[in-house]
Ligand SMILES: [Zn+2]
């Protein structure tokens, strides 16, 4: 696989393996690749999420589920990508 957003070859796979192939928030698995989630303020890549958590977390995914909301808060405070790989920037550019 070539570079995925700001992740170099192999880094996506390492992150995927760290998360056991599961969404970092809901623990769900998907047949397709998980989305690369990043902070929209800083561009910092946080980790891999399923499409539902990445795009519709508050709108739909977690509305009635406090466990998922707690997982989401933990994920935002201590995201897996910087822990594993250091700072990676969405699109590959460090905005600083
Ligand atoms: Zn999810």
Legend entry - Matching entry among 59, 72 (being part of a helix (DSSP H, G or I), within 14 Å of the ligand (Cβ to nearest atom) and modelled with pLDDT of 90 or more): 72
Inset, instruction - Take segment 1-53 and flag every residue that is within 16 Å of the ligand (Cβ to nearest atom), free of Cβ contacts under 8 Å to residues at least 60 places away in the same chain and outside any loop (DSSP other than H, G, I, E, B). - result: 16, 35, 36, 37, 38, 46, 47, 48, 49, 51, 52, 53
Inset, instruction - Output the number of the condition that residue 83 fails; it satisfies all remaining conditions of (1) more than 12 Å from the ligand (Cβ to nearest atom); (2) touching a strand residue (DSSP E or B) at 6+ places or on another chain (Cβ under 8 Å); (3) at pLDDT 85 or above. - result: (2)
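The values are calculated or read from the model by the stated rules, or taken from the named source; none is laboratory data. Note that the structure is predicted; figures quoted are calculated from it, not measured. Backbone-built Cβ (ideal geometry, glycine too); neighbour counts: all protein chains shown.
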